[in-house]
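Working notes for the structure below.
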Amino acid sequence: DPISNIIWSPKSDYIAYFTGVETDKHELRKVSINGMENSLIVNTAGNYYPRFWGSDDSILVNTWDNKGFNVMLKVPSSGGDLKPICGGDSVLSTISGNLTHALELPDGKSILICNNLAAGRGEIFVQTHNKRTLIYSGPAQSNIGRPVYSNSGHILFPLTTRTNPLPVIWAIPFDPSSLKISGNPFLIARNADQISVSGNGMLFYIEQENYSKGVQLVLLSRSGKLLKNISQPQLEIFSPAVSP
């Protein structure tokens, strides 16, 4: 069965994942890192993707309603029913767009959410109970990758735009006590994506190459010496093969 959306527990001793058993039957499961325990958390009839495992030992998932809005729920990691993340009977289902990134902030009660609107604009906001605060709205024709929170008091995120298709990492000063931005966004790194920040503030990212100049097919000798260029540079070249 296909497995997707793998997430770690806060203590890194379990992994939760989503799997499809049949067309209309799916499972959210967890497995211990030694592989000795693999247990069911909840059965679902649709796609309920886990986003993060919270400090309260519950797992936040999201799905979509029949109007195309994102619905966010949580379930105890020990198993149980899917319940609204804000408590009560109403679910958070007022987010339209491509909600693919959500993570817990240090207070354990607030969620940092990234949403890319169908109209072509990325947004980052903080959700606490039934209050949602927009902290960043990207320019037109932009897309925001997975944001992360740094203990240095910043939110970092990769941003691509129509005029700059290679991602650029930006940082926003952020006060976790007031849940508000405390300064203007500033540039961290160009051509960089897939960011992660360690507990002591060390930033890791994958550097993206700029292939706008194209790639060249060449003929090499067995010793690695360049013999000649073959044809002209191309935007992309995959899987070259020699005729018989």
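In region 3-16, of all residues being part of a strand (DSSP E or B) and modelled with pLDDT under 90, the one that is farthest from the chain's Cα centre (by Cα) corresponds to I3. Taken together, the residues in region 16-51 that are surrounded by fewer than 18 Cβ atoms within 10 Å (Cβ to Cβ), in contact with a strand residue (DSSP E or B) (Cβ under 9 Å, 6 or more places away or on another chain) and hydrophobic (A, V, I, L, M, F, W, C) amount to 5.
Scanning region 52-62 for residues that are surrounded by fewer than 18 Cβ atoms within 10 Å (Cβ to Cβ) and assigned to a strand (DSSP E or B) yields a total of 0.
For region 129-168, the tally of residues that are open to solvent by less than 30 Å² (accessible area, probe 1.4 Å) and touching a Lys or Arg at 6+ places or on another chain (Cβ under 8 Å) stands at 6. In summary, V91 fulfils each of the numbered conditions (1) β-branched (V, I, T); (2) more than 24 Å from V148 (Cβ to Cβ); (3) at pLDDT 80 or above with the single exception of condition (3). So in region 68-84, with the set limited to residues that are outside any strand (DSSP E or B) and more than 17 Å from N38 (Cα to Cα), which one is farthest from the chain's Cα centre (by Cα)? This residue is D81.
Taking the condition open to solvent by less than 60 Å² (accessible area, probe 1.4 Å), at pLDDT 80 or above and touching a His at 6+ places or on another chain (Cβ under 6 Å), does C86 pass? Spell out the reasoning first.
Numbers: open to solvent by less than 60 Å² (accessible area, probe 1.4 Å): yes; at pLDDT 80 or above: no; touching a His at 6+ places or on another chain (Cβ under 6 Å): yes.
Answer is no for this residue.
Here the condition is being under 18 Å from the mean Cα position of the chain (by Cα) and at pLDDT 90 or above; of I155, I113, it holds for I155 alone.
The values are calculated or read from the model by the stated rules, or taken from the named source; none is laboratory data. This structure is a prediction, so every number in the text was calculated from the model and none was measured. We place every Cβ from the backbone using ideal geometry, glycine too, and count neighbours over all the protein chains shown. The protein model used for the area step is the full one, side chains on, heavy atoms only, and it has no ligands, DNA or RNA in it. Shrake-Rupley method; radii C 1.70, N 1.55, O 1.52, S 1.80 Å.
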